[in-house]
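Structure first, commentary second.
The values are calculated or read from the model by the stated rules, or taken from the named source; none is laboratory data. Model, not experiment: these values are computed from the prediction. All Cβ positions, even for glycine, are placed from backbone atoms using ideal geometry, and neighbour counts span all protein chains on display.
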Amino acid sequence: MSGKDLQTIDRLWTIYSTGRFGFSIQAKILKSVGKKYELMWPKIGWKKEGLWTRYPGSFRWSLDAPDGHMPLINQLRGVRLMDSILKHPAIAERHNNIL
């Protein structure tokens, strides 16, 4: 996916969630917890009491979800995909290289 397309997706998430969702929001949250995913998951509502939130029923599909709750990324294979997206130059550029 091109950087421009990734920025467009992120921008749409950010605009239509009034600044609550999007990859750049998730990247900011990750930075705020010292770049430790294990601290980010509960903060964005993907893990509760040490257990992964179950798809689809346990996710909150509305604007009252925690900041960074959306977009969802499948974590079954680890954090590599999420890490690649959040560290992508196009996402970093959106918020002055926040990572």
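What's the total number of residues in the stretch 39-67 that are more than 15 Å from the chain's Cα centre (by Cα) and either basic (Lys, Arg) or surrounded by 15 or more Cβ atoms within 10 Å (Cβ to Cβ) (or both)?
Of the residues in the stretch 39-67, 2 are more than 15 Å from the chain's Cα centre (by Cα) and either basic (Lys, Arg) or surrounded by 15 or more Cβ atoms within 10 Å (Cβ to Cβ) (or both).
Out of curiosity, is residue 81 without any contact (Cβ under 8 Å) to a residue 12 or more places away in the chain and either of a type in the set (S, T, N, Q) or surrounded by fewer than 12 Cβ atoms within 10 Å (Cβ to Cβ) (or both)?
Numbers: without any contact (Cβ under 8 Å) to a residue 12 or more places away in the chain: yes; either of a type in the set (S, T, N, Q) or surrounded by fewer than 12 Cβ atoms within 10 Å (Cβ to Cβ) (or both): no.
So residue 81 does not fit the description; no.
Within the group 10, 5, which residue is in a helix (DSSP H, G or I), acidic (Asp, Glu) and over 13 Å from the mean Cα position of the chain (by Cα)? Walk me through it before giving the result.
Details: 10 fails: over 13 Å from the mean Cα position of the chain (by Cα).
Residue meeting the stated conditions: 5.
Given the conditions (1) on the phi > 0 side of the Ramachandran plot; (2) surrounded by fewer than 18 Cβ atoms within 10 Å (Cβ to Cβ); (3) at pLDDT 95 or above, which single one is not true for residue 96?
(3)
Which residue is farthest from residue 94 (Cα to Cα), if the candidates are limited to the stretch 1-45 and must be aromatic (Phe, Trp, Tyr) and out of contact with any helix residue (DSSP H, G or I) (no Cβ under 8 Å at 6 or more places or on another chain)?
Of all residues in the stretch 1-45, those aromatic (Phe, Trp, Tyr) come to 13, 16, 21, 23, 37, 41.
When the remaining residues are screened for being out of contact with any helix residue (DSSP H, G or I) (no Cβ under 8 Å at 6 or more places or on another chain), the result is 16, 41.
On the way: 16: 16, 41: 22 Å.
The qualifying residue farthest from residue 94 (Cα to Cα) is 41.
Could you tell me how many of the residues in the stretch 68-78 are surrounded by 14 or more Cβ atoms within 10 Å (Cβ to Cβ) and not hydrophobic (A, V, I, L, M, F, W, C)?
4
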